[in-house]
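Every read-out reported here was derived from the displayed coordinates using simple, explicitly stated rules and does not represent laboratory data. If you're wondering where the values come from, they're calculated on a predicted model, not measured in any experiment. Note that we place each Cβ from the backbone using ideal geometry, even for glycine, and neighbour counts take in every protein chain shown.
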Amino acid sequence: MTGAGSDGLAVDAEVRRGGFTLAVSLTAAAGQVLGVLGPNGAGKSTLLSAVAGLTPVTAGRITLAGQVMDDADTGTFVEVSQRPVGFVFQDYRLFPHLTVAENVAFSPRARGLGRQAARSAASRWLDRLELTGLADRKPGQLSGGQAQRVALARALAGQPALLLLDEPLSALDAGTRLDVQAELKRHLADFGGPCLLVTHDPIEALVLADQVIVLEAGRIVQEGSPAQIARQPATAYVAKLVGLNLYPGQADGSQVKLAGGGAFVIADQGQHGDVLVAVRPSAVLISNQHPQPSSARNTWPAKITGLTMLADRVRLELEGQPPALVDVTPAAVAELSLSPGGQVWLTVKATEIEVYPRASGQPG
Amino acid sequence: MVTRTAPSRLTARDRARRTARGGAPRSVPAPLLAPALIAVAFLVLPLAGLLVRAPWGHLGAALSGSDATQALILSLWTSTVTTGISLVIGVPLAWVLARSSFPGRRLLRALVTLPLVLPPVVGGVALLLAFSRVGLVGRYLDSWFGLTIPFTPLAVILAQTFVAMPFLIITVEGALLSADQGFEEAAATLGARRMTVFRRVTVPLIAPSLAAGAVLCWARALGEFGATITFAGSFPGQTETMPIAVYYALQTDPDAAIALSLVLLLVSVVVLVSLRDRWLRGGAVS
């Protein structure tokens, strides 16, 4: 492994647990927020607990800031309490019998500071995260957003070299999530070490992370910048998360033959071989009759199989060659009398189609 | 096909209650009611008899006429010491049983809880065999330290600890098993070593169960009879605890026995009240 830098995190390891195997190789540089995106059961939490030292790796090694934390070959293992790691748990796990201030002072105290020094370290962090007013409360008296901030303050107060966040916003209601997210982004920017942020919410990963890896069934299936992941998803799971139609196919210059049937004319002439084709649901036009010859190059018939109301639009599910998700306005649904079972024509301009190479061995 | 329905009466009170809480009728079917009432009568009548037969007029005299005060004081302090010892050595054992894994852990658990089902007299005999002047351990205590345990207050404490400590252990072990270990994990990631985790997180989190287990242990120690009389005997002021005093008083001075029993009943009620959150509500309480 290279590229972690002297302050970075490098994981090149396998964790086997029952029938499940997590096998990942990743690096996170100091100051970088690495988002780990994946469905439930993909191994995200296993990854965090291996890095924290709660689960020893079965094979391979984990290094942090140039120090070996865990190495299955040499048998080196640094116990959880000795790792310079701050962990913000999904359910926060604030100690219910301690006040907010005592919770935040816990780590400085446990790491060897005297009572007084720990208390003043805690009060600095409370101040920094605007929690001073809540110092004497018990965790039971906090709102979700406040508890999240206390959990972050508690993790940071131990002055960790690495920050681990497990679904940091998932316990919050939708109303407070955006505020807390913006706040969290600010605090993460202040943190000097590498940060691993696990989430199954693509927005969270896209907003908070500098770099994203997608984990599925214990393996990394895609890595890239948030923008790359959002524009060119590598798997059906990611495509669904970011709301794109995704088709694997074979490119041949100006055309892509789709693996599931159908073909697209594309604007990018340089593509050959295994590719993925991504199409935004709002880029697909829908009409009742075969459209008159137009500048759009891709037209095919399809049958409506479902309609779902989204916030301000209606998402149609269509069966055809290829099948597609299409977003239209409620007015269009009424005007075109779109209903399940209806036959329609779909049209996509070649310039609206994103075509990119498919890594070998990757599913569509 | 129309099924004929058989209407029954629903009083306004029942109607309101069932509307508010929902659910099935609350009345008890006769085949369950009769045995339930018998059970209640069986449990309550003897206690009622105790209250009825109590020499209320000269309760003070009945108590002071015997060795009651001595016995009560002995019982109270030995039970308290027993509870202290059980906390000091029983809680760590509960932790070992709940949190560590080693070969023979299940066997150890069975051994530890054996005194719960063992007749206390057998426990007393076993203690005698171990700690008497010729016993397995006792002979060394005697020859090395000149320490003779049987028939001393120390023997009372050992007998009570043998019988009562398992109550504390299983209560605390249960609490440790059901406690959310996520907090302990969190403490470890915050840099706390295992002893710090135990002291600052585990113990405070199970404090209610710890208190309940201690009260239970204390109450059991207070009521201990069989092992005590076997291993420690019944010397007034030395090893004659309340239950033993009650037993002897009943043969010579029934009024004193009843008065002593009332005192123990009162103590039991206090214990029950202090544990009401755990038991009276029937379900598990955090």
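Using DSSP to call loops (not H, G, I, E or B), can you name the trypsin sites (Lys or Arg not before Pro) in segment B:102-195 whose Cβ has at most 16 other Cβ atoms within 10 angstrom? Passing sites in segment B:102-195 are B:R133, B:R193. Summed over qualifying helices (DSSP H, 4 residues or more, each -39500 (n - 2.57)) and divided by its residue number, chain A shows a 222 nm mean residue ellipticity of -7500 deg cm²/dmol. Going 7 Å from the Cα of A:T329 along its beta-carbon direction, which residues of segment A:237-259 have the amide nitrogen within less than 16 Å of the resulting point? No residues fall inside that zone.
Quick check on chain B: helices-only [θ] at 222 nm, where DSSP H runs of length 4 and up contribute -39,500 (n - 2.57) each and the sum goes over total residues. Nearest 500, please.
Numbers: 15 runs with 189 residues, N = 286.
After summing the helix terms and dividing by residue count, I get -21000 deg cm²/dmol.
Take the Cα of B:T19, step 7 Å toward its Cβ, do the same at A:Q269, and the gap between the two points is 8.1 nm. Sparsely packed loop sites in segment A:106-214 (the GluC sites (Glu not before Pro) outside DSSP H, G, I, E and B with at most 15 other Cβ atoms within 10 Å) comprise A:E130.
If each residue of separation counts as 0.36 nm, what is the full-extension length gain between B:V88 and B:A34 once their alpha-carbon separation is subtracted? Intermediate values should be presented prior to the final figure.
Working: separation 54, 0.36 × 54 = 19.44 nm, distance 4.68 nm.
Additional length available on full extension: 14.8 nm.
Checked against a 27 Å cut-off, the cross-linked pairs A:K257/A:K349; A:K44/A:K349; A:K303/A:K349; A:K185/A:K240 give Cα-Cα distances beyond that limit for A:K44/A:K349. Working from the Cα coordinates of segment A:247-357, the gyration tensor eigenvalues give, after taking √(5λ), semi-axes of 26, 14, 12 Å in decreasing order.
Provide the gained length on full extension for the span A:T299 to A:R128, in nm with one decimal, where the gain is 0.36 nm per separating residue minus the Cα-Cα distance. Please list the in-between numbers first.
Numbers: separation 171, 0.36 × 171 = 61.56 nm, distance 5.68 nm.
Extra length from A:T299 to A:R128 when fully extended: 55.9 nm.
To the nearest ten degrees, helix A:174-190 and the longest principal axis of the Cα atoms of chain A are 60 degrees apart. Each of B:L116, B:L51, B:A36 was scored by the projection of its Cα onto the charge dipole of segment B:1-149, and the greatest displacement toward the positive side belongs to B:A36; charges sit on the C-beta of Lys, Arg, Asp and Glu. Computed from phi, the 3J(HN,Hα) profile of segment A:249-264 under the Karplus parametrisation 6.51, -1.76, 1.60 (θ = phi - 60°) reads x, 10, 8, 9, x, 9, 9, 10, 7, 7, 5, x, x, x, 8, 10 Hz, with x in place of Gly and Pro. When restricted to Cα atoms, the protein assembly as shown yields an Rg and a Dmax of 36.0, 117 Å, respectively.
Karplus-based coupling profile of segment A:37-53, in residue order and whole Hz: 10, x, x, 4, x, 7, x, 4, 5, 4, 4, 4, 6, 5, 5, 6, x, with θ = phi - 60° in 6.51 cos²θ - 1.76 cosθ + 1.60 and x standing for Gly or Pro. Amide H contacts for A:T305 (H built 1.01 Å from N in the peptide plane; partners 5 or more residues away or on another chain; cut-off under 5 Å): A:E317, A:L318, A:E319, A:G341. For A:M69, the residues 5 or more places off, or on other chains, whose built amide H falls under 5 Å of its own are A:I62, A:T63, A:L64.
Mean partner shielding of peptide A:154-165, defined as the number of other chain Cβ atoms within 10 Å of each residue Cβ, is 1.
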